[in-house]
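All of the numbers you see were taken from the coordinates with simple rules; none came from a lab. Computed from a predicted structure; not experimentally measured. Heads up, the Cβs are rebuilt from the backbone with ideal geometry, glycines too, and the neighbour counts pull from every protein chain shown.
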Amino acid sequence: MKTFTVVLTGNPNCGKTTLFNALTGLRARVGNYAGVTVERKEGALTGAEALHPVTVLDLPGTYSLSPQSPDEQIARDILFQRLPEVPAPDLVVVVADASNLQRNLYFATQVIELGHPTLLVLNMIDVAREQGHEIDTEALSKALGVPVIPMVASEGEGLDALRQTLRTLARTPGTRHVIPREFNELPEAFGREAQALETALESHFPHRSRLAAAEALLLLSDERALATDKTSAEGTAAGGRYPQSLIDQVQAARQRLETAGVDWRSAAIEARYARLFAIEQHVTRETAPPGELLSDRIDRVVTHRVWGLLLFVAVMGLMFQSIFWLAKYPMDGIEAAVDALAQWVGSSMPPGDLNDLITRGAIAGVGSVVIFLPQICLLFLFIGLLEDTGYMSRAAFLMDRLMSRVGLHGKSFIPMLSSFACAIPGIMATRTIETRADRLATILVAPLMSCSARLPVYTVLIAACIPQRNGWPGLTLLMMYLLGIAGALGMAWIFKKTLLRGEPPMLILELPPYKRPMLGAVLRQMWDRSKLFLRRAGTVILGINILLWFLATYPRSSELDEQFSQRRAQWKHSVSTPPTAAETEAGLQLDHEEAGEKLRQSFAGRLGRAIEPVLKPLGFDWKIGIGIVTSFAAREVFVSTLSVVYNVGGDGENTASLAEVMKSERRSDGRAMYTPLTGVTLMVFYVFAMQCVSTVAVVRRETNSWKWPLFQTVYMTSLAWILAFLTYQTGTRLGF
Amino acid sequence: MRPLSSLTPGERAVVARIDIPPDQRGRLLEMGLLPGTSLELVRFAPLGDPVEIKLRNYHLSLRKLEADKILVR
């Protein structure tokens, strides 16, 4: 039984996703296209006949077939049948926004020209009507040569008609023959060249001869259509790179057109818009003079000099606070549950290495993945709402000036802000940035924003090292946050000037009309994206956690075990029943000492000692070294590791007692170890150092290569070392 | 002829010439901003940049850097 494949395409903001959700009933499968982080959404048509199933594939929103982003490239490649993982569509449904007819038809007519069986859904006719445009769908259908179904997808109007059509077509596949049709009145010279190229394409690629006419037009007028880059599937068997002879032919044709005074880049675009203007005039009846729309009235406030900025600060404040504080409650809950589970498993299994591996390796590892879920869900909820209402593009509009100072795009603002809570959702949020260089720059600097995992590190260091008076603690904390911001903006500027230089991309940002968000769809999207995180990044994070557990546990020393079991036996022997407070304390102290001694003996402990020469110029000793080694998994582990190293007990809850012990720690020459200078140096190190495997895993996932996460780890760690070195050396010279 | 960015909010004009290099202006043209297109400058962003224009019944935002190179009359 063959599944009937329907491909859904259209401009961004045309209501395509709403239609997709309505057709598939929120049960779509969401994933990624092979090798790129472009979301792939696919679902079965609800109400399809059992014998004739229909699959609907929702393509990313696209303005034209000359792609400007990975999203648009995927859409083009699918429509051109260049993606081996997607079968040739049995039907293409182009969705067009009736209130923005000309620009939507620009893409729609490009798609119609491809020659697939095509159907046009004219969405948002209610908005068009409200603006005084009555569209004659019969006439439009005649002008375009494809069926037109009028629709208000958000209200469900027209859905039945579409569903009925899809069902009928699925029952009788292959019965619709399309008459190829062109919507350009091209300059004669251009038309001749296109014709010649079409013939050449037909002979080179007989399996997609249907597309030859449209492809010829694109090859002639799209500068980049000839270039094949890694992210596209053109190099694969199904696509096939263009042979050199064809490339030469295209270039010769462009040359001839230039000589003839035809601008080959713009001729086809101008011709198409001229035709669309005529079509629009022909099919539209103006019923009322356009008054001011509700959306325009909202915009007068939202983009207002004073109110707009205040509202923006309020929205961002609300979002940031929720990620920071609201997520704390479920996170605490998850932490408690994971601890309880580990405890339960630990006590119901015989003690030993396997027990330890499961409780402290696997369960703690899973916990360290799941712990991010509340923050990720909340951020995606907010982003979904902002996108769905249309506020996201206003936020970019408001912030573009600030971000462009360091060479970034207005859309980089939200990922950077989110990174204050956690770089992982922040980095995942960069998917809204179309330009590759901007997106990479944002990903590279996002972890420099002080995330919530740094807070425990700052807290304990401030408690141990900074004078607890005159507001010094708060001021120090603020300085660390500011240092992170300055570092992120500075590095973004440097990256955009050096590594990620290139054409300064233009800002061409559509400000779509506001609309009511569809909560169900937003929640669904939030969950899909969070699941992707769990599946893809989770495995890497879990693996590295187990590796670090191994490093902190092995090698075991039987001598040490012997020594401590003897001491414990002694303690048991001498203890009175019931034990006095002092005796209980002594017993706990013994546990802490054992844990500390074991950690010092482990690979991690040895590694801490081994890197001491590198840390010495920063004023750190090997104990801090162990903390730095183990906290490579996650920054907050530094605190619990220090607790073990200083025999305070490993739960890390007890910041105050840890700080007390740290205060009394001496260097070999008798000076205090944790002076204000050591504290500040260590904090500076943590502001810049990567120290987060989860971030590494997510960057690997989002950039689809190990190159960028490795580069990022190296640059951040080097920067951290250099700045900590400068801090410590300057501080010592100044006599701190 | 004067640059698009010199319009005042609410002012309407017609695109006369686009002085952005041909290999960079493709998307702008595809969005329907062509010589002969009539448009309205809606507003400047609160921080002065970018600008918002209305053309072909939709709203588009561009940086001033580009708006300076779009000549209107």
* Extension gain A:Glu130-A:Thr3, at 0.36 nm per residue separation less the Cα-Cα distance, in nm? -> 41.8 nm
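If R0 is 25 Å, what FRET efficiency do you get for A:Leu547 and A:Val714 from their C-beta distance, rounded to 0.05? Can you show the working numbers first?
Values: r = 19 Å, r/R0 = 0.77.
Between A:Leu547 and A:Val714 the formula returns 0.80.
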* To do: If a/c stays under 1.5 just call it rounded; otherwise compare a/b with b/c (prolate if a/b is bigger, oblate if not). Do that for the stretch A:366-525, with a ≥ b ≥ c from the square roots of the Cα gyration tensor eigenvalues.
  => oblate
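Taking Cα pairs under 8 Å and at least six residues apart, what relative contact order does chain A come out at, in percent? The partial results should precede the final answer.
Details: 1086 pairs, mean separation 74.9, N = 736.
Across chain A, relative contact order equals 10 percent.
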* Structure fact -> Under the Karplus relation with 6.51, -1.76 and 1.60 and θ = phi - 60°, whole-Hz ³J(HN,Hα) for the stretch A:464-471, x at Gly and Pro, equal 7, 10, 9, x, 8, 8, 6, x
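Strictly over 31 Å apart at the Cα level, which of A:Lys497/A:Lys623; A:Lys411/A:Lys515; A:Lys496/B:Lys69; A:Lys328/A:Lys497; A:Lys572/A:Lys598; A:Lys497/B:Lys69 would you flag in this model? Could you put the intermediate results ahead of the total?
Details: A:Lys497/A:Lys623 39 Å; A:Lys411/A:Lys515 20 Å; A:Lys496/B:Lys69 23 Å; A:Lys328/A:Lys497 38 Å; A:Lys572/A:Lys598 21 Å; A:Lys497/B:Lys69 23 Å.
With Cα atoms farther than 31 Å apart: A:Lys497/A:Lys623; A:Lys328/A:Lys497.
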* To do: Just need log10 I(q)/I(0) for the protein assembly as shown at q = 0.07, 0.11 Å⁻¹, Debye formula, equal scatterers on the alpha-carbon atoms, no solvent, rounded to two decimals.
  => -0.62, -1.23
* **Spread of Cα-to-Cα distances over 5 Å intervals beginning at zero, given as percent, for the stretch A:230-379** => 2, 7, 7, 6, 6, 7, 6, 7, 8, 10, 10, 7, 6, 5, 4, 2, 1, 0
* Quote the convex hull volume per residue of the stretch A:188-286, based on C-alpha atoms, as a whole number of Å³. => 129
* Asked: From the phi of every residue in the stretch A:694-703, what ³J(HN,Hα) in whole Hz does the Karplus formula 6.51 cos²θ - 1.76 cosθ + 1.60 yield, where θ is phi - 60° and glycine or proline is x?
  -> 4, 5, 4, 5, 5, 5, 4, 5, 6, 9
* Structure fact -> Subtracting the Cα-Cα distance of A:Asn355 and A:Ala586 from 0.36 nm times their residue separation yields 80.6 nm
* To do: Work out the mean other chain Cβ neighbour count within 10 Å for the residues of A:98-108 and drop it here as an integer.
  => 3
* Asked: Could you give the nm distance between label points at A:Ala50 and A:Trp344, where each point is 7 Å from its Cα heading toward the beta carbon?
  -> 4.1
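Using a 10 Å cut-off around each Cβ, can you sort B:Phe44, A:Phe550, A:Phe382 from fewest to most neighbouring Cβ atoms?
A:Phe550, B:Phe44, A:Phe382
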* Simple label model, 7 Å out from Cα along Cβ direction - A:Arg733 to A:Glu660, nm -> 4.0
* Pop the C-beta distance of A:Leu309 and A:Lys497 into the FRET formula with R0 = 25 Å and round what comes out to the nearest 0.05. => 0.30
* **Estimated inter-spin distance, A:Glu559 and A:Lys531, nm [label 7 Å along Cα→Cβ]** => 5.4
* Asked: By how many nm would the segment from A:Trp706 to A:Thr577 lengthen if fully extended, with 0.36 nm per residue of separation less the alpha-carbon distance?
  -> 40.5 nm
* Integer Hz, Karplus 6.51/-1.76/1.60 couplings in order for the stretch A:64-75, x for Gly and Pro -> 7, 8, 9, x, 10, 8, x, 4, 5, 5, 4, 4
* **Computed FRET value (nearest 0.05) for A:Arg210 with A:Ala278, which takes r as the C-beta separation and R₀ as 22 Å** => 0.25
* **Amide H partners (placed H, <5 Å) of B:Tyr58, local residues excluded** => none
* Structure fact -> Averaged over residues of A:396-404, the number of beta carbons from other chains lying within 10 Å of each residue's Cβ is 5
* Asked: Along the charge dipole of the protein assembly as shown, Cβ charges K/R +1 and D/E -1, which of A:Asn104, A:Leu607, A:Tyr674 sits furthest on the positive end?
  -> A:Tyr674
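State, as an integer percentage, the relative contact order of the stretch A:597-736 based on alpha-carbon contacts under 8 Å between residues 6 or more apart.
That works out to 22 percent.
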